[in-house]
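Below: the structure, in structure tokens.
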Amino acid sequence: MTGDGAVIARPKRQFHWQGLHVPFIAPWSAEQHLPSTIVRRTGVGGTGIGYADELSHVDRRRSVLWTRQAVARGSGTPFLAGVHPLRQRQAMSHMLCQVCGQSTFDSAFRQWGERHLFVARAPKSKPLGEGEVTTTPPICLPCARESVGACPHLRKGWAAALVELAQPWGVAGIRYDEKTLRTLPLPRTGLHLAQLGHLEERWTLASRDVVTLHGVIPIDLGAVA
């Protein structure tokens with residue numbers, strides 16, 4: 001996948017909280033959502049939402065408006081079940097481990113035939129399939145083994161797979177009504193999904209990158225080397 005504009009090369013500092021490894025993509029209490037006013041904005045491609053004080057080179061990516069949230073990793077208390085929008089986007093763009101933040105272009109990637117490891121919550125342990133749509137970034141093998149034992153969400157069921165390609169699909173976020181600019185009710189599955197190039201993108205305040213998985217090989221974490 002292509003980059004997010006920033007070069008991420010330095011090792012990420014690791015944080016622990018009450019004996020648990022705090023995921024790289026988890027938000028902290030000091031990382032508050034920043035105040036903003038949503039307005040109707042017309043530009044190249046049509047009409048959609050924007051910020052009243054928008055800085056397009058900061059607030060948008062691929063023409064999509066992104067939620068504003070402070071960056072202060074390690075400050076305050078971590079929200080282990082949450083996701084920080086910028087770090088999730090970085091992890092997807094650069095194929096960083098969602099837990100330790102290190103590149104998954106590692107020795108295991110080469111050993112697995114240039115494939116990344118993905119582990120996602122899966123009710124009834126339904127396996128990850130070809131073309132699967134996900135907001136979950138990749139993960140390295142040591143962090144995967146740690147996560148399936150420590151993460152309450154994964155204890156309810158998870159699936160693992162080696163993936164050849166994570167293809168950009170769109171974004172997930174909060175959808176605004178085109179007429180009233182009020183937020184629409186969230187679907188039962190979580191955030192609204194908007195595919196690249198579709199009208200819904202212009203009315204979605206993004207907080208996650210969404211990819212589709214290709215070259216998918218379901219695996220057993222206990223057996224993989």
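Residue selection: Leu181 fails the criterion of being touching a helix residue (DSSP H, G or I) at 6+ places or on another chain (Cβ under 7 Å), assigned to a loop (DSSP other than H, G, I, E, B), open to solvent by less than 50 Å² (accessible area, probe 1.4 Å) and hydrophobic (A, V, I, L, M, F, W, C).
In segment 40-53, the residue that is farthest from Thr67 (Cα to Cα) out of those that are open to solvent by 40 Å² or more (accessible area, probe 1.4 Å) and of a type in the set (A, V, I, L, M) is Val44. Just one of the listed residues (Arg188, Arg208, Arg121) is closer than 18 Å to Ala81 by Cα and free of Cβ contacts under 8 Å to residues at least 12 places away in the same chain, and it is Arg188. In segment 39-68, the residues that are under 19 Å from Ala172 (Cα atoms) and basic (Lys, Arg) form Cβ pairs under 7 Å with partners that are open to solvent by 40 Å² or more (accessible area, probe 1.4 Å) and assigned to a loop (DSSP other than H, G, I, E, B), at six or more places apart or across chains, as follows: Arg68/Leu34; Arg68/Ser36.
In segment 179-197, the condition of being of a type in the set (Ser, Thr, Tyr), touching a strand residue (DSSP E or B) at 6+ places or on another chain (Cβ under 9 Å) and under 18 Å from Val39 (Cβ atoms) is met by at least one residue.
Here is a yes/no grid of residues against (1) of a type in the set (Lys, Arg); (2) surrounded by 21 or more Cβ atoms within 10 Å (Cβ to Cβ):
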position: Pro138; (1), (2): no, yes
position: Cys143; (1), (2): no, yes
position: Glu146; (1), (2): no, no
position: Gly149; (1), (2): no, no
position: Arg155; (1), (2): yes, no
position: Ala160; (1), (2): no, yes
position: Ile174; (1), (2): no, no
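Within segment 54-73, the set of residues being more than 13 Å from His84 (Cα to Cα), surrounded by 14 or more Cβ atoms within 10 Å (Cβ to Cβ) and of a type outside the set (S, T, N, Q) comprises Glu54, Asp59, Arg60, Arg61, Val64, Leu65.
Here Leu86 meets each of (1) closer than 25 Å to Trp169 by Cα; (2) in a loop (DSSP other than H, G, I, E, B); (3) without any contact (Cβ under 8 Å) to a residue 40 or more places away in the chain with one exception, condition (2). For segment 91-122, taking the residues that are under 24 Å from Thr189 (Cβ atoms) and out of contact with any Pro (no Cβ under 7 Å at 6 or more places or on another chain), the one that is most open to solvent (accessible area, probe 1.4 Å) is identified as Arg121. What about Gly170, is it under 24 Å from Arg62 (Cα atoms) and at pLDDT 90 or above? Against the criterion (under 24 Å from Arg62 (Cα atoms) and at pLDDT 90 or above), Gly170 qualifies. Remark: pairs (first residue in segment 149-174, within 16 Å of Ala194 (Cβ to Cβ); second residue in a strand (DSSP E or B) and among the basic types (Lys, Arg); Cβ separation under 7 Å; 6+ apart in sequence or on different chains) = Val171/Arg208; Ala172/Arg208; Gly173/Arg208. Would you check if Pro11 is out of contact with any strand residue (DSSP E or B) (no Cβ under 6 Å at 6 or more places or on another chain), in a loop (DSSP other than H, G, I, E, B), open to solvent by 60 Å² or more (accessible area, probe 1.4 Å) and within 25 Å of Arg175 (Cβ to Cβ)? Against the criterion (out of contact with any strand residue (DSSP E or B) (no Cβ under 6 Å at 6 or more places or on another chain), in a loop (DSSP other than H, G, I, E, B), open to solvent by 60 Å² or more (accessible area, probe 1.4 Å) and within 25 Å of Arg175 (Cβ to Cβ)), Pro11 does not qualify.
The values are calculated or read from the model by the stated rules, or taken from the named source; none is laboratory data. This is a predicted model, so every value here is computed, not measured. Cβ coordinates were reconstructed from backbone atoms using ideal geometry, including for glycine residues, and neighbour counts include every protein chain displayed. All accessible areas refer to the heavy atoms of the entire protein, side chains included, with ligands and DNA or RNA removed. Shrake-Rupley method; radii C 1.70, N 1.55, O 1.52, S 1.80 Å.
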